[in-house]
Ligand code: PEP
Ligand code: MN
């Protein structure tokens, strides 16, 4: 159920409607939109009786949401969700494409700083790097843990990059929430429902990667888990699914992007690094992702990929990342998006007024 408030409904009327919903034993999720606020109702096992709610002052109508996901749906919020980061130009979901770049894992201070310096200079606004790595083999490098998080925090201080890093369980989520700007939930945890609920209680945005065999509906339901706990800052990320193809590690499903955008107001990014697993395919698929309308990219970059402790084969060199940025900058313009160019940053503002959304 969804309570649509009138466009001129007051704060007081919205609060009263929420209180009414909670007094009925449900949870109320007020989601402000450009025209009006809608209040999602969750926690109901059976149909909510709309009668009393419909009569309340400021209420326009009470509508049934037929889809299994409610808060992620465009029914509750027509316009795109834009996630902003206080004190910076960085955003995810607006006209400016969000570029998240960095190594698969933080391996040591020198490596992380060397990559951060290059991706920052090329125009990325976000730095990625795992401090906790979900590895197929228990004998593979598992990440630096909290020491890695400290390095990431230093990188934010030094370069002003926002930090995206993965939490693999409840314990690491507590730590990641403390150090990072965006909490990543990986493909292997997309249906770890208790972790999703914990992420839903976090005070930071959550980047949710699509499970390796997840359908669109399963993906959106995973996002719904996070939102149902009250965290509405969710970013989706397509990272490829398992198919019979053996020319790539996964099959990057770019058709998911317009499919998600039809159904949901949440931003959707593309990770062509895990999506292809091959260095030489990362730039072509990045171009395609921007052309198809993705809200941004997540790219693995390493200063010495041959010696990387994880995912070296799919990590691109910093020089290749420079080229990638140059190319997507041009493609972005065709689809009315914008990629910041630090080379021009000192001439006036780095973001044109129209792109500040
Ligand atoms: C990652 O981003 O480093 C990662 C492990 O990705 P995924 O969860 O998509 O495999
Ligand atoms: Mn990786």
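Rule-based calculations on the coordinates, nothing more; no lab input. It should be emphasised that the depicted structure is a prediction, and the values quoted were computed from it without experimental measurement. Note that each Cβ is placed from the backbone with ideal geometry, even for glycine, and that neighbours are counted across all protein chains shown.
Kindly state which helices (runs of 4 or more DSSP H) lie completely within the stretch 153-240 and contain at least 1 residues that are free of Cβ contacts under 8 Å to residues at least 24 places away in the same chain and either under 16 Å from the mean Cα position of the chain (by Cα) or over 17 Å from residue 257 (Cβ atoms) (or both).
Where helices (runs of 4 or more DSSP H) fall fully within the stretch 153-240 and carry at least 1 residues being free of Cβ contacts under 8 Å to residues at least 24 places away in the same chain and either under 16 Å from the mean Cα position of the chain (by Cα) or over 17 Å from residue 257 (Cβ atoms) (or both), they are 170-179.
Within the stretch 290-306, track down each residue that is within 15 Å of ligand 2 (Cβ to nearest atom) and either assigned to a loop (DSSP other than H, G, I, E, B) or surrounded by fewer than 23 Cβ atoms within 10 Å (Cβ to Cβ) (or both).
Taking the stretch 290-306 first, the residues within 15 Å of ligand 2 (Cβ to nearest atom) are 297-302, 305.
Of everything in the stretch 290-306, those that are within 15 Å of ligand 2 (Cβ to nearest atom) and either assigned to a loop (DSSP other than H, G, I, E, B) or surrounded by fewer than 23 Cβ atoms within 10 Å (Cβ to Cβ) (or both) turn out to be 302, 305.
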> Out of all the residues in the stretch 263-289, which are surrounded by fewer than 20 Cβ atoms within 10 Å (Cβ to Cβ) and more than 16 Å from ligand 1 (Cβ to nearest atom)?
Replying inline: 263, 280, 283, 284, 287, 288
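Looking only at the stretch 90-110, which residues are away from ligand 2 (no atom under 14 Å from the Cβ) and either closer than 23 Å to residue 323 by Cβ or within 18 Å of the chain's Cα centre (by Cα) (or both)? Lay out the reasoning, then the answer.
As a first pass, look at the stretch 90-110 and keep what is away from ligand 2 (no atom under 14 Å from the Cβ): 90-99, 108-110.
If the condition is that a residue be away from ligand 2 (no atom under 14 Å from the Cβ) and either closer than 23 Å to residue 323 by Cβ or within 18 Å of the chain's Cα centre (by Cα) (or both), then 90, 91, 92, 93, 94, 95, 96, 97, 98, 99 are the ones that fit.
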> Does the stretch 47-72 hold any residues that are in contact with a helix residue (DSSP H, G or I) (Cβ under 7 Å, 6 or more places away or on another chain), in a loop (DSSP other than H, G, I, E, B) and without any contact (Cβ under 8 Å) to a residue 60 or more places away in the chain, and which are they?
Replying inline: 56, 57, 58
>> Condition (residue is over 16 Å from the mean Cα position of the chain (by Cα) and part of a strand (DSSP E or B)) applied to the stretch 73-87: is it met by at least one residue?
In response: no
> Going through the stretch 312-326 one residue at a time, which ones are within 16 Å of ligand 2 (Cβ to nearest atom) and surrounded by 21 or more Cβ atoms within 10 Å (Cβ to Cβ)?
Replying inline: 314, 315, 316, 321
